[in-house]
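Step one of this worksheet: look at the structure below.
Bear in mind these aren't lab numbers, they're just calculated from the coordinates by the rules spelled out. If you're wondering where the values come from, they're calculated on a predicted model, not measured in any experiment. Note that we place each Cβ from the backbone using ideal geometry, even for glycine, and neighbour counts take in every protein chain shown.
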Amino acid sequence: MQVPVSQTSPFPVGTDPVLTLDRSAEVAGVSPYTLRRAGNRREIKILRLSPRRIGIRLSELNRWLNERPQAMVSKSDADSYDAQAHRKNEARP
């Protein structure tokens, strides 16, 4: 059985792709500025792709995400929490 093209990785097997800063932020669910700050604190290694572009290896992004404290709340979790709190406040007389 052949895997549909839509489900295959765009990167060859065994490679460690470099993602742009914007794409890295999208994948991680954080702001590009969060990644810049983490790079300035030397928490994540940022690569200079050209004079005006930077990127992050996918393996480095995964390492950074796995080392982040679990107490960090993602934007989707925060939005969900805000919606629940809003519903509770509406229910009060």
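Starting with the fewest neighbours, write out 43, 60 ranked by other beta-carbon atoms found within 10 Å of each beta-carbon.
43, 60
Expected output is a single nm value to one decimal: the length gained when fully extending between residue 34 and residue 67, i.e. 0.36 nm times separation in residues minus the C-alpha distance. What is it?
10.4 nm
State, to one decimal in nm, how far the label point of residue 45 lies from the label point of residue 22, with both points 7 Å from Cα in the Cβ direction.
Result for the modelled spin labels: 2.6 nm.
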